[in-house]
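Reviewing the structure listed below.
The values are calculated or read from the model by the stated rules, or taken from the named source; none is laboratory data. Since the structure is predicted, the reported quantities are computational estimates derived from the model, not experimental observations. Note that each Cβ is placed from the backbone with ideal geometry, even for glycine, and that neighbours are counted across all protein chains shown.
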Amino acid sequence: MLDYQEEAIDLNLLKDKARQLRLDILEMTTKAGSGHPSSSFSAVEILTALYFGGILRYRPDEPWWPERDRFIMSKGHAAPLLYAVLANAGYFPREELWRLRTLGSPVQGHPIQGLLPGVEATTGSLGQGLSVGIGHVLGSRLNNLDYRVYVLLGDGECEAGQVWEAAMAAAHFKADQLTAILDYNKYQETGPISREMGLEPLAEKWRSFGWSVSEVDGHDIAAIHHSLQAVPAVTGKPSMLIAHTVKGKGVTFVEADYTFHGRALTPEQAAKAREEILCT
Amino acid sequence: MHIGEKAGLKLGKAMRDVFGEALLAVCQANPRVVVLDGDLSNSTKTEYVRKTLPERFFNIGIAESNLVGIGAGLAGCGLIPWITSFSSFLLCNAYDQIRLAVAISNINAKILGSHGGITLGKDGPTQMGIEDLALMGGLPTMVILVPCDEASLRAAVKAATDYVGPVFLRSSRVPMPQIYPEERCPFEIGKANVVRQGDDLTIVACGLMVGMALDAAAELVEQGITARVLDLHTLRPMDTAALIAAARETGAIVTAEEHLLQGGMGSNIARIVTEACPVPMRFIGLVDTYVESADPYELLEKYHLTAKDIAAAAVEVLAAKRKTADVVPAQA
């Protein structure tokens, strides 16, 4: 079992990181003219705590270090966020970010395994990342390595049957090295989750599948950090952290309009958004 | 009369038993090989690994999507997963997972589709994989292997494991005739084997139909026709050179597969032959149909997948070849 010491975190530094990630996501997607900025914004604080708060153990200069902790972006449309995090963590030069969705670039519309260091899985068809995460847990046992596996799930994604196949299997295999974080921003492509395909009672569903479940404000970096340090809460059980988030978080007019799901901001909108991000 | 009898071949043992033994052998030879099962280890015979090396065997249950995803994760740890189930269930349930997590990711994972074709027989069309080769054909990075006998199945399991990248291997349930000697099976991925020489036409076949093709060739000899038989055990990468040579040297081709003609082996051969050296062709396979529960041999008979059907197609294609030769005088 890994033993994480509760560490003091520099909250201001992490808030700066989060701000930088939002600015990068904004610039990448507006420059590309497409992408999913609002789905990326909602998980910024989650990944900030994970990557820059000392939770995830990784070596950007040795990206496939066998003992690295794994992070799998199951909600692949939040690729801009993943790329921004990896670039800011030092996996590849920041200049690569501005080539998002362009010919010959490894920075694909959705993450493709094998093209960029730090990208652990190909995702974009929703529902697949948690299964891959279980594979990494079973692999750690066969390879006698001690690492943790983190998977970021979308909420709409939990409508997919494979997520529940994986949920059942993770409990069966007592995968307590596995932590799923659910970016519960309450919206899917065509509207509010509760209207389109309700998920509630979500925490109870995961509990009944044999997971240890906790909930957190998904924009409170300190709270997320604290929750992630507390896993596994129960030996022998996989952990689920339901992070309550706001789709488009950080830009008021994006928060107010879920149709930004698969749409980039225009340069004019981006300028306005940039001002707001810099002021917070 | 069993498959291969006319050609003087003996029947081997059940292919699933051979697969189970071959898989255990590669597991014992390479500690990085792991086996994933969709709760069919007693049918696919991956149970041999389960019994002997339980720590490297995982039953993921009746959840093919998850089965493939977990396999992909294990490959990400530097292990070599064999993801196994019936061809029909695995490919049709988890095609998207195979596409994303295996093919687009181009990972080092192996997929067994067992019980391919119609010869699982009595369990009926819901369990039959008659579209598996077309589905795998739709995945550009996927190597596709369809061995035709005991020795080539053993060799294919080893070759697939040694190859770095995604591989699909199709096996069938019924025993197949022994075409290759056990210890000397020349199995090289992407290299077709001429298993019988002949000049009048070429029969290109894979899997079970190679034995059928040899029976057909034996039958044709009685009519004074010599048929070359090509064992096309690898459908991707396809041995273009062997196919073009067959077209150039014999001037007529019959293809035979235990699969739908749409998107299967024959249609891909037709594309290659048409571009490089067009010759008359005939195609043996299932024509836009599902089949029913019955004894395997009865099904092969009813759906025209027998040596007799191949031989009839050969006579037909030969007539077309001679007609073409009459119309277009051969260049000196």
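One line per residue, one yes/no per condition, for (1) over 15 Å from the mean Cα position of the chain (by Cα); (2) more than 23 Å from B:Ile284 (Cβ to Cβ):
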position	(1), (2)
B:Asn93	yes, yes
B:Asp123	yes, yes
B:Val143	no, yes
B:Met176	no, no
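Among the residues of region B:25-44, what is the count of those that are assigned to a helix (DSSP H, G or I) and within 14 Å of chain A (Cβ to nearest Cβ)?
Filtering region B:25-44 for residues assigned to a helix (DSSP H, G or I) gives B:25-29, B:41-44.
Narrowing further to those that are within 14 Å of chain A (Cβ to nearest Cβ): B:27.
Total meeting the criteria: 1.
Return the residues of region A:96-111 that are in contact with an Asp or Glu (Cβ under 8 Å, 6 or more places away or on another chain) and within 14 Å of another protein chain (Cβ to nearest Cβ); say none if nothing qualifies.
Of everything in region A:96-111, just one residue is in contact with an Asp or Glu (Cβ under 8 Å, 6 or more places away or on another chain) and within 14 Å of another protein chain (Cβ to nearest Cβ), namely A:Pro106.
Can B:Ser65 be described as within 18 Å of A:Ala121 (Cβ to Cβ) and modelled with pLDDT of 95 or more?
Here the answer is yes, as B:Ser65 does meet what is asked.
Does A:Gly114 satisfy the criteria of being over 19 Å from B:Val34 (Cα atoms), over 15 Å from the mean Cα position of the chain (by Cα) and away from chain B (no Cβ under 13 Å)?
no
Please go through region A:228-280 and give me each residue that is closer than 15 Å to A:Gly218 by Cβ, in a helix (DSSP H, G or I) and among the aliphatic types (A, V, I, L, M), ordered by number.
Scanning region A:228-280 gives a single hit, A:Leu228.
Quick check on my filter: what residues within region B:181-196 are under 12 Å from B:Cys148 (Cα atoms) and not in a loop (DSSP other than H, G, I, E, B)?
B:Asn193, B:Val195
Could you list all residues from region A:193-225 that are crowded, with 18+ Cβ neighbours inside 10 Å and within 18 Å of the chain's Cα centre (by Cα)?
Result: A:Val213, A:Val216, A:Gly218, A:His219, A:Ile221, A:Ile224, A:His225.
Just to check your reading of the model, which residue among A:Glu215, A:Glu204 is more than 10 Å from chain B (Cβ to nearest Cβ), assigned to a strand (DSSP E or B) and either in contact with a helix residue (DSSP H, G or I) (Cβ under 8 Å, 6 or more places away or on another chain) or not β-branched (Val, Ile, Thr) (or both)?
A:Glu215
Looking only at region A:142-161, count how many residues are touching a Leu at 6+ places or on another chain (Cβ under 8 Å) and facing chain B (nearest Cβ under 8 Å).
2
When you go through (1) out of contact with any strand residue (DSSP E or B) (no Cβ under 6 Å at 6 or more places or on another chain); (2) under 24 Å from B:Gly165 (Cβ atoms); (3) in contact (Cβ under 8 Å) with a residue 60 or more places away in the chain one by one for B:Trp82, which number turns out not to apply?
(1) is the only condition that B:Trp82 fails.
Would you check if there is a residue in region B:77-86 being over 25 Å from the mean Cα position of the chain (by Cα), within 10 Å of chain A (Cβ to nearest Cβ) and buried (at least 24 other Cβ atoms within 10 Å of the Cβ)?
no
Going through A:Gly76, A:Gly139 one at a time, which residue ends up being under 21 Å from A:Ala170 (Cβ atoms), within 13 Å of chain B (Cβ to nearest Cβ) and over 17 Å from the mean Cα position of the chain (by Cα)?
A:Gly139 is the lone residue from the list that is under 21 Å from A:Ala170 (Cβ atoms), within 13 Å of chain B (Cβ to nearest Cβ) and over 17 Å from the mean Cα position of the chain (by Cα).
Please state which of the following conditions A:Glu6 fails to meet, knowing it meets all the rest: (1) surrounded by fewer than 23 Cβ atoms within 10 Å (Cβ to Cβ); (2) modelled with pLDDT of 95 or more.
Just one mismatch for A:Glu6, condition (2).
B:Ile118 versus (1) touching a Leu at 6+ places or on another chain (Cβ under 9 Å); (2) under 22 Å from B:Thr46 (Cβ atoms); (3) at pLDDT 95 or above: which is the lone unmet condition?
(2) is the only condition that B:Ile118 fails.
Considering only region B:1-24, I want to know if a residue exists there that is modelled with pLDDT of 95 or more, within 14 Å of chain A (Cβ to nearest Cβ) and surrounded by fewer than 24 Cβ atoms within 10 Å (Cβ to Cβ).
For region B:1-24, residues modelled with pLDDT of 95 or more, within 14 Å of chain A (Cβ to nearest Cβ) and surrounded by fewer than 24 Cβ atoms within 10 Å (Cβ to Cβ): absent.
Just to be sure I understand, how many residues within region A:241-257 are farther than 16 Å from A:Ile277 by Cβ and free of Cβ contacts under 8 Å to residues at least 12 places away in the same chain?
1
So which of B:Thr119, B:Thr202 ends up being in a strand (DSSP E or B), of a type outside the set (A, V, I, L, M) and within 19 Å of B:Ala256 (Cβ to Cβ)?
Exactly one residue qualifies, and that residue is B:Thr202.
Which of the helices (runs of 4 or more DSSP H) contained wholly in region A:35-119 include at least 1 residues that are polar (S, T, N, Q) and surrounded by 24 or more Cβ atoms within 10 Å (Cβ to Cβ)?
Filter on region A:35-119 gives A:37-41, A:44-52.
B:Tyr48 is checked against (1) farther than 16 Å from A:Ile134 by Cα; (2) in contact (Cβ under 8 Å) with a residue 24 or more places away in the chain; (3) in a loop (DSSP other than H, G, I, E, B) and fails just one. What number does that condition carry?
All conditions pass for B:Tyr48, except number (3).
Suppose we keep only residues that are in a helix (DSSP H, G or I), in contact with a helix residue (DSSP H, G or I) (Cβ under 9 Å, 6 or more places away or on another chain) and farther than 18 Å from B:Gly190 by Cα within region B:122-144. Which one would you say is farthest from the other protein chains (Cβ to nearest Cβ)?
B:Lys122
So is A:Ile181 touching a residue at least 24 places away in the same chain (Cβ under 8 Å) and over 23 Å from A:Phe71 (Cβ atoms) or not?
It is false that A:Ile181 is touching a residue at least 24 places away in the same chain (Cβ under 8 Å) and over 23 Å from A:Phe71 (Cβ atoms).
So B:Glu47 ticks every box in (1) more than 10 Å from chain A (Cβ to nearest Cβ); (2) more than 21 Å from A:His172 (Cα to Cα); (3) among the charged types (D, E, K, R) but one. Which box is left unticked?
(2)
Run down A:Pro63, A:Pro37, A:Pro93 and say which single residue is within 14 Å of another protein chain (Cβ to nearest Cβ) and either more than 17 Å from A:Val254 (Cβ to Cβ) or in contact (Cβ under 8 Å) with a residue 12 or more places away in the chain (or both).
Just one listed residue meets the conditions, A:Pro63.
Is it the case, given these coordinates, that B:Asn66 is part of a helix (DSSP H, G or I), out of contact with any Leu (no Cβ under 7 Å at 6 or more places or on another chain) and either within 12 Å of chain A (Cβ to nearest Cβ) or of a type in the set (Lys, Arg) (or both)?
Judged against the criteria, B:Asn66 is a match.
Among the residues of region B:191-200, is any in contact with a Pro (Cβ under 8 Å, 6 or more places away or on another chain) and surrounded by 16 or more Cβ atoms within 10 Å (Cβ to Cβ)?
Filtering region B:191-200 down to residues in contact with a Pro (Cβ under 8 Å, 6 or more places away or on another chain) leaves B:193.
Those still in the list that are surrounded by 16 or more Cβ atoms within 10 Å (Cβ to Cβ) too: B:193.
Yes: region B:191-200 contains one or more residues that are in contact with a Pro (Cβ under 8 Å, 6 or more places away or on another chain) and surrounded by 16 or more Cβ atoms within 10 Å (Cβ to Cβ).
State whether one or more residues within region A:137-156 are among the polar types (S, T, N, Q) and without any contact (Cβ under 8 Å) to a residue 12 or more places away in the chain. Lay out the reasoning, then the answer.
As a first pass, look at region A:137-156 and keep what is among the polar types (S, T, N, Q): A:140, A:143-144.
Those left that are additionally without any contact (Cβ under 8 Å) to a residue 12 or more places away in the chain: A:144.
Within region A:137-156, one or more residues are among the polar types (S, T, N, Q) and without any contact (Cβ under 8 Å) to a residue 12 or more places away in the chain.
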